[in-house]
Amino acid sequence: MGAETSVVIALLFLGFLVAATTIYSTVDYNQNLVRKAQFDQDTMKKAKMQTDITILNVTNKTSFVNITLRNTGKTTLNASALDAFIDGIKYPYTSLSSGNTWPSENNTNISIAVINSSGKRIKIITENGISDYAIIP
């Protein structure tokens, strides 16, 4: 075995080490991304499972509808991140309660400017997809 063979073997070994290091770091990075995604998914599932709302009262005025909502779940919600639909059409709303945080077992009030809403179905959806509906009197 000559010197050239030893140099070739050393270069091949060095190339193998560089390739193995690159592959390991790539696999490790991707595994960390998957772990973080799984953790985030589990966190979102838990929040969704612990979220629930109930429409307590709907008051129909001539030009707006007042709605009293109760957070009956265990998750603190963002009162400004709700979606309000009347017969499938999204409407903007005004929060009548102070602050954006909506702790568990507390009420919040919202008002929707709408005309001729009697008998229509209202649906309120939370930031993580949990909803409740009622018929407007």
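Quick note: the coordinates plus some simple rules give every number you see, no bench work behind them. Here the structure is a predicted model, which means the values were calculated and not measured. Heads up, the Cβs are rebuilt from the backbone with ideal geometry, glycines too, and the neighbour counts pull from every protein chain shown.
Listed from fewest to most Cβ neighbours within 10 Å, the set SER95, SER117 follows the order SER95, SER117.
Shown here: volume of the Cα convex hull per residue in Å³, derived from the displayed model; of the candidates [x] 115; [y] 124; [z] 142, it corresponds to [z]. Take the alpha carbon gyration tensor of region 1-49, find the square roots of its eigenvalues, order them as a ≥ b ≥ c, and report rounded if a/c is under 1.5; if not, report prolate when a/b exceeds b/c, else oblate. Prolate is the answer for region 1-49, as a/c is 1.5 or above and a/b outweighs b/c.
Counting other Cβ atoms within 10 Å as a rough exposure proxy, the listed residues ASP132, ASP87 run ASP87, ASP132 from fewest neighbours to most. For region 31-82, averaging the sequence separation of C-alpha pairs within contact (under 8 Å, six or more residues apart) and dividing by the residue count gives a relative contact order of 30 percent. What the phi angles of region 17-30 give under the Karplus curve with 6.51, -1.76 and 1.60, with θ = phi - 60°, is a coupling list of 4, 5, 5, 5, 5, 5, 5, 4, 5, 5, 5, 5, 4, 5 Hz, glycine and proline written as x.
Pairs of Cα atoms nearer than 8 Å and 6+ residues apart set the relative contact order; for the chain it is 23 percent. In straight-distance terms, cross-link reach from LYS123 covers every one of the aspartates and glutamates whose alpha-carbon lies under 15 Å from its own, apart from those fewer than eight places away in the same chain; here that gives ASP52, ASP83, ASP87, ASP132.
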